[in-house]
Amino acid sequence: MNYNTPVIQLKGVGEKTAKNFEKLGIRTVGDLIRFYPRDYEKFEEVVPVLEVKKGEVCAVRVRIIGTVNIKKIRNLTILNAEASDGTGKIKFTFFNMPFLRNILKPGGVYLFRGLVQIKEGIPVMEQPKLYKEEEYQKLLKAVQPKYPLSAGITNHAVTSAVKQALSGCEIEKEFLPDVIMEKQELMNREEAVHNLHFPKDFDTLIEARKRLVFEEFFLFILGLRKEKEQNEETDSEFIYTETTKTENFLKQLPYTLTGAQKKVWEEIKADLQGRKLMNRLVQGDVGSGKTIVAILSLLMTVSNGYQGAMMAPTEVLAKQHFDSISEMNREYELGIRPVLLIGSMTAKEKREAYEFIAEGKADIVIGTHALIQEKVVYKNLALVITDEQHRFGVKQRENLAAKGNMPHVLVMSATPIPRTLAIILYGDLKVSVIDELPAERKPIKNCVVDTSYREKAYRFIEREVTAGRQVYVICPMVEEGESDCEGSPWENVENVVGYTEKLKGVLPPSIEVAYLHGKMKASLKNEIMEDFKNKKIDVLVSTTVIEVGINVPNATVMMVENSERFGLAQLHQLRGRVGRGEHQSYCIFVSSSDKKETMERLEILNKSNDGFKIAEEDLKMRGPGDIFGIRQSGEFAFKLGDIYNDAVLLKEAGAWVDRILSEDTLLEKSENANLKAYLEQGNWNPVDFRTI
């Protein structure tokens, strides 16, 4: 057995299971070994009710007192039970589980485990797990891996397959130089891989993760440095001169660019008129005005006789850009010829678009990744702008170069990354920052609350919808049981599917509630987002998939459940979905934990709407303790590493890459032989943006 062995050859993996594994991106044994847990669960001893704490997952052994009650609110069934262990009383609430009335008998003793909340001074568990005594004793003190799952795959199935893979396959050999291993005090690679999947204890898990996160960052930064070398040596084939078209456009706008926008625009103009290819990142908060800078860049390109392309991560966002640019074209008589190119277009529409692009009739092309596919031939493409979560590297440049010349590249990002980290993470790009918001934007009103505020929040949502506004509700999980792991703290967080049903039960039937998540087919996601944009949906319950979403000026409320589960920078980006229109907007951060440090973190959002300031504060407050509980998202989709939690490792990895390349650029020294051999295998970069 080796890394290329198909998973279907593992014992217990038939065709059906193999297909389900494929949905998770697992086709080979190597894929399985690199499929790391997303969380771990440690089961603790049962505690007296008197000692349970709000926001913590606890196990209690209690006797049911009184009767078990069931009530219905619209289409929601709620079961309530009260219990005691002599030290105090605790209440349990279950949604849509009426069968428990036949299991939970007055006077019976049961063992429950769940997230503790405090309501009216009494501890409460919603949807706790019920365990048999002997079952729970087996789980005590275990550190169990919890894998990301999809329909048809259980945590047990993944665990069994991974155990087989690790026992029957030789782990890739150590390739980090000895000096790094020693100075960084890193666990060897084989030991780290085994202990990341099946740690003997929590301390060993932290050391295993440290090793693999360092490796992930090290390889990523090494790739960036190599790409930077190639980009810096590339001459531009395009001759740009400043034209009156951009200046006339700026004069017609009903507002003046901010100082930050003007500065960044000057930097872009200098790049375009330079002798080398532009490779620049524009970082700016949501609503800071990055799009107008992108349009100016496209306008300058077109007025010099070239084509420009703008690539968005979703079809909805691509259409939004196309509509916006088309409207400006009409209003300001820009004389450009934009065309849209997305996957959902008909074959006839695509053929027409290809023809316009090839003949040069279209001078601005807007779309998704369809823009760089083989069938698209450009007449004279000079500029590619990528918007949110798209890295544009060597491979894409080469693909386009095969059709014409190497284009300039401008990357737009609303992910607020502190400059110290941005310099490392965007090592192949020049970095520009738009750090001012336009004066006309109304600040969002924020509040950080606990779960007891929910009823008030629902009434507030109802009032906003009645007034004609729309609402986003964010949940951390897709559906209950997504983790399929008994006792996992992730089972005590809100899920999109269940929360949608709950809202339908507590809001009037006239309010249209729908949900959205990343596991849906692209066509369905686009349809739902379009319906929300067109006011057919009043309340959209979603995962963070809407982070990079559509512009809905009518959406005025953002409610984030289990907000302690998200990084501050991510919460700030989510908040940026509202506050885009004329009406006052609000953001409600609901925390299921009242720990002092948790509330202090969230209070930062209450005090500031500056994404970069928030990111810096987040960096100061984060530590290695909660290694999987809080994750940032964004374009750096590392399998393990988190640029905030692991900022120290990121900086150390960057320093080692610089040191090695400065002393041995071609990795010819004997101490770098294993590293060179590993890189020469190809397909080594865990976040290989060059192949996106």
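The values are calculated or read from the model by the stated rules, or taken from the named source; none is laboratory data. Predicted model, so just to flag it, every value in this text is computed and none were measured. Note: ideal-geometry Cβ built from the backbone for every residue, glycine included; neighbour counts use all protein chains shown.
Assorted remarks:
- Matching option when the condition is at pLDDT below 85 and assigned to a strand (DSSP E or B), among VAL431, VAL449: VAL431
- Residue count for segment 421-464 under the criterion of being surrounded by fewer than 18 Cβ atoms within 10 Å (Cβ to Cβ) and over 25 Å from VAL578 (Cα atoms): the result is 2.
- Any chance LYS54 is closer than 21 Å to PRO128 by Cβ and either at pLDDT below 90 or not assigned by TED's automatic domain parsing to the domain that holds PHE95 (or both): yes
- Number of positions in segment 601-639 that are among the small types (Gly, Ala, Ser), within 26 Å of ARG38 (Cα to Cα), surrounded by fewer than 20 Cβ atoms within 10 Å (Cβ to Cβ) and modelled with pLDDT of 55 or more: 1
- Residue in segment 281-290 that is assigned to a loop (DSSP other than H, G, I, E, B) and at pLDDT 90 or above present: no
- Flag not set for THR420, criterion: at pLDDT below 90, assigned to a loop (DSSP other than H, G, I, E, B) and polar (S, T, N, Q).
- Residues of segment 356-390 that are of a type in the set (Ser, Thr, Tyr) and either surrounded by fewer than 17 Cβ atoms within 10 Å (Cβ to Cβ) or not in a loop (DSSP other than H, G, I, E, B) (or both): THR386 alone.
- Verdict on LEU574 being at pLDDT 85 or above, touching a His at 6+ places or on another chain (Cβ under 7 Å) and either more than 21 Å from CYS447 (Cα to Cα) or among the hydrophobic types (A, V, I, L, M, F, W, C) (or both): no
- Single residue of segment 583-599 satisfying the filter (at pLDDT 85 or above and surrounded by fewer than 21 Cβ atoms within 10 Å (Cβ to Cβ)) that is nearest to GLN117 (Cα to Cα): GLN584
- All positions within segment 118-161 that are touching a residue at least 60 places away in the same chain (Cβ under 8 Å) and of a type in the set (Gly, Ala, Ser): ALA142, SER150, ALA151, GLY152, ALA157, SER160, ALA161
- The residues in segment 555-602 that are over 15 Å from the mean Cα position of the chain (by Cα) and aromatic (Phe, Trp, Tyr) can be counted, and the count is 2.
- Residue that is surrounded by fewer than 19 Cβ atoms within 10 Å (Cβ to Cβ) and of a type in the set (Phe, Trp, Tyr), where the choices are PHE99, PHE92: PHE99
- Residue within segment 552-566 that is in contact with a Ser or Thr (Cβ under 6 Å, 6 or more places away or on another chain), at pLDDT below 80 and surrounded by fewer than 24 Cβ atoms within 10 Å (Cβ to Cβ) present: no
- Residue in segment 192-199 that is modelled with pLDDT under 95 and surrounded by fewer than 16 Cβ atoms within 10 Å (Cβ to Cβ) present: no
- Selected residue [among the acidic types (Asp, Glu), in contact (Cβ under 8 Å) with a residue 40 or more places away in the chain and surrounded by fewer than 18 Cβ atoms within 10 Å (Cβ to Cβ)] from GLU267, GLU185: GLU267
- Matching option when the condition is farther than 30 Å from LYS669 by Cβ, at pLDDT 90 or above and not in a strand (DSSP E or B), among SER160, SER150: SER160
- Being in the same structural domain as ILE153 (by TED's automatic domain parsing), at pLDDT 90 or above and under 25 Å from the mean Cα position of the chain (by Cα) holds for only one residue in LEU24, LEU32, and it is LEU32.
- Some residue of segment 347-355 being outside any helix (DSSP H, G or I) and either within 18 Å of TYR378 (Cβ to Cβ) or at pLDDT 90 or above (or both): no
- Index of the failed condition, LEU176 passing every other in (1) among the aliphatic types (A, V, I, L, M); (2) out of contact with any helix residue (DSSP H, G or I) (no Cβ under 6 Å at 6 or more places or on another chain); (3) part of a loop (DSSP other than H, G, I, E, B); (4) surrounded by fewer than 18 Cβ atoms within 10 Å (Cβ to Cβ): (4)
- Of the numbered criteria (1) among the aromatic types (Phe, Trp, Tyr); (2) in a helix (DSSP H, G or I); (3) within 34 Å of the chain's Cα centre (by Cα), the one TYR255 fails is (2).
- Counting the residues of segment 503-515 that are in contact with a helix residue (DSSP H, G or I) (Cβ under 6 Å, 6 or more places away or on another chain) and either of a type in the set (S, T, N, Q) or touching a residue at least 60 places away in the same chain (Cβ under 8 Å) (or both) gives 1.
- Any hit, segment 516-533, residues being part of a strand (DSSP E or B), within 21 Å of LYS319 (Cα to Cα), under 18 Å from the mean Cα position of the chain (by Cα) and in contact (Cβ under 8 Å) with a residue 24 or more places away in the chain: yes
- Subset of segment 102-130 (residues that are surrounded by 14 or more Cβ atoms within 10 Å (Cβ to Cβ), of a type in the set (A, V, I, L, M) and out of contact with any Asp or Glu (no Cβ under 9 Å at 6 or more places or on another chain)): LEU104, VAL124, MET125, LEU130
- If the condition is being on the phi > 0 side of the Ramachandran plot and either touching a helix residue (DSSP H, G or I) at 6+ places or on another chain (Cβ under 9 Å) or hydroxyl-bearing (Ser, Thr, Tyr) (or both), then segment 89-113 contributes only ASN96.
- Filtered by the rule that a residue be under 28 Å from LYS251 (Cβ atoms) and among the hydrophobic types (A, V, I, L, M, F, W, C), segment 317-339 gives PHE322, ILE325, MET328, LEU334, ILE336, VAL339.
- Filtering segment 179-212 to residues that are in a helix (DSSP H, G or I), under 21 Å from ASP646 (Cα atoms) and of a type in the set (D, E, K, R) leaves GLU182, LYS183, ARG189, GLU191, ASP203, GLU207, ARG209, LYS210, ARG211.
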